[in-house]
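Have a look at the structure below before the remarks.
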Ligand SMILES: Cc1cc2nc3c(=O)[nH]c(=O)nc-3n(C[C@H](O)[C@H](O)[C@H](O)COP(=O)(O)OP(=O)(O)OC[C@H]3O[C@@H](n4cnc5c(N)ncnc54)[C@H](O)[C@@H]3O)c2cc1C
Ligand SMILES: Cc1cc2nc3c(=O)[nH]c(=O)nc-3n(C[C@H](O)[C@H](O)[C@H](O)COP(=O)(O)O)c2cc1C
Ligand code: FES
């Protein structure tokens, strides 16, 4: 038996390192016909705001080579409906629940953190400072180390729940942002969110997405994500969660190798709703074949030739 | 809903850009199927990542050994499917979506089935359902629209049903068969003639559905439209496929085509 359990914080222990990425797993219930949610490391829910958000006009998605562009625009049901209608389903399934959330102002982030701090059944919060698809909020906090730090510090004051800060790759120096939010009190960082991209239609000479630009995700972004996770993991002392184009156990293992403590699977859930379970099983058999009894002995074991 | 591997059993070219593909499926798949539902089909082999996303196709016909899709080649994925060898293994997900509300069809109701182009794939599943449940053919009015005569699919089969009482009307953009012009011209004329309003079911290009929906509402006919949208997941999680519903609630303006649809009561949509 390989021990796949990892700790993100002393209170937040996951039975395996495979989490779902926000926005690609709904609120979890849609996957219940296919997966036992309590077998996942954690379910990360669709980004929540204080009030429901309608999101962007369609067309919202476009397939690209080995990936997709999306401009959903953070459509979500709002915190009240989440707590009354969705959280009970996740609780009943005994899933480990990480709630991803965002606001347009620091006050909104703080208020949301305060509300969720009062709830049972939420195991951690993931602050999204990195969504490229909304005008206000999200990304504006994610590109400046000082703003990112003051946001995280404000949220930290409002909750004792484990705090994950999700970083944007759309910056020149992700290490400085990661270090800034670490100093501000986040317990973990997760990266990466989507890369800003665009698609145009030659027939009509128009942008494909109504929002003009969108976020690129899927296997196409994996090398960038892997590089960023590697760089950040070497420069912070908190757990790093790797996200970006993970489509197989081998992909997940690569992220663990460069120093991620856990990983999130996003876009590939769409094509294969049971991919997370397959990845967890694949990690286990890889470690078993290598006679590695605890996943911690594998995490960060990348050998860099001197 | 099932996630399953399926074998390509048969592939038949019908016109230069349409083909039929027969796929195997789990046994109880057929029992769960409602006409108008669709499957998501991976067009890349297992462990291939490009194309990444599955493609939605209406389940056209059930067969003893599986089911058939009717596909028009429009891009990369459909082009790849066209060249699938017999015996190829594909990953599938389905049946998905709500399907047509078959329960509202009573034996004495008159129904109008309107298919534009490849929309016939979805409409045929409903016609087959009517045939299976011995719904009287004389109460069915099938209206087909196509760009030109060669794009009218299954036409010989439909003509045989005409002999048994089905009424069939055809419109082509180039006038090569039937009415010269749009299907909606035919429909507006027919709606004036009918004494009791038919229930309309339709699948086809969006401009046709929009025009048809308006006609149906003017004539106060119940009308159900099967919509298309770009889909990433097909089961309600990505929020990529939304379309605007008729509502004043600006906080919740959308329905998901994959999960709330693809079939919608026209009165619930913002056309
Ligand atoms: C519920 C549903 C049922 C469908 N049933 C059928 C069917 O029975 N037979 C059939 O031939 N087609 C059907 N379609 C359309 C089919 O899904 C698309 O033609 C197919 O996904 C295109 O894939 P591609 O890789 O060849 O095209 P791509 O290379 O991805 O795109 C090529 C062109 O096709 C258009 N396109 C892409 N995705 C869609 C889409 N989901 N709907 C409409 N146009 C699209 C693009 O705008 C582009 O112009 C259905 C779509 C939906 C949503
Ligand atoms: C359709 C879609 C919606 C997303 N919504 C959110 C969201 O609400 N909050 C968030 O932090 N990230 C969101 N993301 C980003 C993903 O969580 C993830 O960071 C990104 O897709 C990269 O991982 P992947 O390549 O495995 O998909 C979304 C991604 C997609 C494709
Ligand atoms: S296709 Fe993903 S929600 Fe409809």
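The values are calculated or read from the model by the stated rules, or taken from the named source; none is laboratory data. Keep in mind the model is a prediction, meaning the values are calculated, not measured. Because the Cβ atoms are built from the backbone with ideal geometry, glycine has one as well, and the counts that use them run over all protein chains shown.
Observations on the model:
- The residues in the range B:237-271 that are within 13 Å of ligand 1 (Cβ to nearest atom) and either in contact with a strand residue (DSSP E or B) (Cβ under 7 Å, 6 or more places away or on another chain) or at the interface with another protein chain (Cβ under 10 Å from one of its Cβ atoms) (or both) can be counted, and the count is 13.
- Residues of the range A:51-76 satisfying the condition of being more than 7 Å from chain B (Cβ to nearest Cβ), touching a strand residue (DSSP E or B) at 6+ places or on another chain (Cβ under 8 Å) and assigned to a loop (DSSP other than H, G, I, E, B): A:71, A:73, A:74
- Any hit, the range A:242-254, residues being away from ligand 2 (no atom under 11 Å from the Cβ) and in contact with a strand residue (DSSP E or B) (Cβ under 8 Å, 6 or more places away or on another chain): no
- If you go through the range B:31-51 and keep only what is within 16 Å of ligand 2 (Cβ to nearest atom) and either part of a strand (DSSP E or B) or closer than 28 Å to residue B:224 by Cα (or both), you end up with just B:40.
- Hits in the range B:46-60 - residues which are surrounded by fewer than 18 Cβ atoms within 10 Å (Cβ to Cβ) and in contact (Cβ under 8 Å) with a residue 40 or more places away in the chain: B:46
- Taking (1) away from every other protein chain (no Cβ under 12 Å); (2) touching a residue at least 12 places away in the same chain (Cβ under 8 Å); (3) assigned to a helix (DSSP H, G or I) in turn, residue A:16 satisfies each apart from (3).
- The residue of the range B:210-236 that is surrounded by the most Cβ atoms within 10 Å (Cβ to Cβ), among those that are farther than 18 Å from residue A:271 by Cα and within 11 Å of ligand 1 (Cβ to nearest atom), is B:226.
- Here residue A:92 meets the list (1) away from ligand 2 (no atom under 15 Å from the Cβ); (2) under 18 Å from residue A:164 (Cα atoms) almost entirely, failing just condition (2).
Quick grid of which residues meet (1) out of contact with any strand residue (DSSP E or B) (no Cβ under 7 Å at 6 or more places or on another chain); (2) in a loop (DSSP other than H, G, I, E, B):
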position	(1), (2)
A:169	no, yes
A:176	yes, no
A:186	no, yes
A:197	no, no
A:220	no, no
A:226	yes, no
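- Selection count, the range B:85-104, where residues are surrounded by fewer than 18 Cβ atoms within 10 Å (Cβ to Cβ), under 24 Å from residue B:226 (Cα atoms) and either touching a helix residue (DSSP H, G or I) at 6+ places or on another chain (Cβ under 7 Å) or in contact (Cβ under 8 Å) with a residue 40 or more places away in the chain (or both): 4
- The range A:231-241: number of residues that are in contact with a strand residue (DSSP E or B) (Cβ under 9 Å, 6 or more places away or on another chain) and within 16 Å of residue A:176 (Cβ to Cβ): 5
- Scanning the range B:237-258 for residues that are surrounded by fewer than 19 Cβ atoms within 10 Å (Cβ to Cβ) and in a loop (DSSP other than H, G, I, E, B) returns B:246, B:247, B:248, B:249, B:250, B:251, B:252, B:253.
- Filter result for residue B:125 (on the phi < 0 side of the Ramachandran plot and out of contact with any helix residue (DSSP H, G or I) (no Cβ under 7 Å at 6 or more places or on another chain)): yes
- Test: residue in the range A:241-259 that is within 16 Å of ligand 3 (Cβ to nearest atom), within 14 Å of chain B (Cβ to nearest Cβ) and assigned to a loop (DSSP other than H, G, I, E, B): no
- Selected residue (criterion: nearest to the chain's Cα centre (by Cα)) from residues of the range A:172-202 that are farther than 24 Å from residue A:12 by Cα and buried (at least 20 other Cβ atoms within 10 Å of the Cβ): A:194
- Residues of the range A:261-272 that turn out to be crowded, with 23+ Cβ neighbours inside 10 Å and more than 26 Å from residue A:232 (Cβ to Cβ), as a count: 2
- Condition broken by residue A:210, with the remaining ones in (1) within 16 Å of ligand 1 (Cβ to nearest atom); (2) modelled with pLDDT under 95 satisfied: (2)
- In the range A:270-279, the count of residues that are farther than 25 Å from residue B:93 by Cβ, outside any loop (DSSP other than H, G, I, E, B) and either at pLDDT 95 or above or within 12 Å of chain B (Cβ to nearest Cβ) (or both) is zero.
- Selection of the range B:1-42 for residues being in contact with a helix residue (DSSP H, G or I) (Cβ under 9 Å, 6 or more places away or on another chain), surrounded by fewer than 20 Cβ atoms within 10 Å (Cβ to Cβ) and over 11 Å from residue B:67 (Cα atoms) yields B:1, B:2, B:4, B:11, B:13, B:15, B:16, B:17, B:34.
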